[in-house]
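Below: one structure, written as structure tokens.
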Amino acid sequence: MSYVVKKTGCTDCGFCVESVCHMDKEEGCFGCGACVLACPYSAVKIVPHPGEKKISIKVNGQVFPVFEKITVRQALETLGKSLLAPCGVGGCFSCAVEINGELKPSCTTPVKEGMEVCTDTSFQTPSRLVSGFSGHGVGGVGTPWPLKKYTGYIEAACFAAGCNFRCPQCQNWTTTYRGKGTPLTPQQAAHMMTNTRKQTSVDRMAISGGESTLNRRWLVEYIRELKQLNPDKSARFHVDTNGSILTGDYIDELVEAGLTDIGIDLKSLEVDTFTRITGVENRHLALQYHNTAWKAVKYIRDNHPSLFLGVGFPFNRELISVEEIERMGEQVQAINPGIQVTVLDYRPEFRNHEINRPTYVEMKQVHEILKDIGLKTVICQTTFGYIGA
């Protein structure tokens, strides 16, 4: 299949061209769809057209005919080889294959005549797009409350591109949907983070996103390498995640690698609310993601009590009710009242400019409700800073 990109309502912001589009100027669009996912104005549409020409590519040593102007992932799917491609923009490299000897994301790489593809990447060093290595003065959901009261940098942070959610009000969408740049190996990223720690004179090193847990092998190797480069007892290794793929064995592997702190964003208690907030339209997949995140919280408390655990709740009356937030608090309290809860005031961003940012009074009410449940540490983000403890 070949494709034509149609634009309506485009503001020429340039994000798709600068950060997402992998189109070859000579060969044109090949229909990867990354621009559709990333456009903050929903201004891009892709119209499919019947393929006109077939080319030959070699997959795992065998030659196959495939239509031109499609992605490597699409070509592999026609050959019965399905790949997990959770972000769809080429940022996480979860769907990466070896193409002509180089590791590339199959979801945003076009097929070309004579291309050689190897789907076994176990011998390759994993890569993904990671950026924003800098000091952070606020921290994330997994940052202990006592540190948030300090001024200056409290941790060094970096941000992994790509996400499996499609939140209409994504607060970090320029990272979430970034698909262009130089990918880093776990070792390269760990060295950059270690240098950032030295420059900022902090002990905590955090990775967020996007969704940091996509590309499991990369993240585990990154944490392991980071611990080796920072063997001192004061070093802390912090992952912020939506928890949607964080199974028990994945958690065990991260802890074994050196993880000390984790923050999990719990988007809702009800699946309908979850789909509204995350934009995950497939209800079966939404339920799976939702349940996995909640199970991860309990698994960590039951099996890794020394791991610092914080959870995040979203709040905006137009997305989730106060009553559901209260029930989420009760659920966390039943697991362990010592789990730190941070409530984030969801504001208009990305594609959702119809909502209004919650007021300070609303956030104070949420804080009081959650404290009354018996949670020991409740932090609420507001327009005037944090309400804490």
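Where a number appears in this text, it was derived from the coordinates with a stated rule and is not lab data. Just so you know, these numbers come straight off a predicted model, no measurement behind them. No Cβ is skipped: glycine too gets one built from the backbone with ideal geometry, and neighbour counts run over all protein chains shown.
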Full-extension gain between K376 and L285, please, as 0.36 nm times their residue separation minus the C-alpha to C-alpha distance.
29.5 nm
Go through the stretch 308-316 residue by residue and turn each phi into a ³J(HN,Hα) via Karplus (6.51, -1.76, 1.60, θ = phi - 60°); whole Hz please, and just put x for glycine and proline.
6, 10, x, 10, x, 10, x, 9, 6
Counting only helical runs of four or more DSSP H residues, what would the 222 nm mean residue ellipticity of the chain come to if each run contributes -39,500 (n - 2.57) and the total is spread over all its residues?
-9000 deg cm²/dmol
Convert each backbone phi in the stretch 198-204 into a coupling constant with the Karplus relation 6.51 cos²θ - 1.76 cosθ + 1.60 (shift: θ = phi - 60°), then list the ³J(HN,Hα) values in order as whole Hz, x for Gly and Pro.
5, 5, 9, 6, 10, 9, 8
Listed pairs K148/K295; K45/K295; K180/K295; K45/K298; K7/K58 exceeding 30 Å between Cα atoms:
K45/K295; K180/K295; K45/K298; K7/K58
Of all DSSP beta bridges located in the chain, what percent are antiparallel, nearest 5?
50
Theoretical gain in end-to-end length, C10 to N60 [0.36 nm per residue, Cα-Cα removed]:
13.9 nm
How far apart, in nanometres, would the label points at E26 and T151 be if each is projected 7 angstrom from Cα along the Cα-to-Cβ direction?
5.8
Placed amide H near R204: partners under 5 Å, 5+ positions off or other chain
A156, R236
Among rounded, prolate and oblate, which fits the stretch 130-387 when a ≥ b ≥ c are the square roots of the eigenvalues of its C-alpha gyration tensor, a/c under 1.5 means rounded, and a/b larger than b/c means prolate?
rounded
Unit charges on C-beta of K, R, D, E only; dipole of the chain, Debye:
360
For the stretch 130-144, just list the computed ³J(HN,Hα) in residue order, Karplus coefficients 6.51, -1.76 and 1.60, θ = phi - 60°, integers in Hz, with x standing in for Gly and Pro.
9, 8, x, 5, 6, x, 10, x, 10, x, x, 4, x, 8, x
Which Cys residues of the chain have no other Cys Cβ less than 4.7 Å away and so no disulfide-compatible partner by this rule?
C10, C13, C21, C29, C32, C39, C95, C107, C118, C158, C163, C380
For the stretch 254-293, run through the GluC sites (Glu not before Pro) and keep only the ones in DSSP coil with at most 13 other Cβ atoms within 10 Å of their Cβ.
E281
Would you mind computing, in nm to one decimal, how far apart the modelled labels at N336 and V47 are, each placed 7 Å from Cα along Cα→Cβ?
5.6
Computed over the Cα atoms of the stretch 1-111, the Rg and Dmax in Å are 14.2, 45
Could you state the number of Å between the C-alpha centres of the stretch 232-284 and the stretch 107-158?
15
Trypsin sites (Lys or Arg not before Pro), restricted to the stretch 201-243: which are DSSP loop and have at most 12 other Cβ atoms within 10 Å?
K233
Would you mind checking which residues have amide H under 5 Å from S134's amide H? H placed 1.01 Å from N; only 5 or more apart, or other chain.
A157
In the stretch 359-383, whose amide N lies under 15 Å from the spot 7 Å out along Cα-to-Cβ of V322? List them in ranges.
359-373
Cβ density ranking, 10 Å radius, fewest first, applied to T182, T377, T241, T71 yields T182, T377, T71, T241
Provide the percentage of antiparallel DSSP beta bridges, counting only those with both residues in the stretch 162-265; round to the nearest 5.
0
How would you rank C21, C167, C10, C87, going from fewest to most other Cβ atoms within 10 Å of each one's own Cβ?
C10, C21, C167, C87
Fewest-first ranking of F30, F15, using other Cβ atoms within 10 Å as the exposure measure
F15, F30
List the trypsin sites (Lys or Arg not before Pro) within the stretch 254-293 that DSSP assigns to loop and that have no more than 14 neighbouring Cβ atoms inside 10 Å.
none
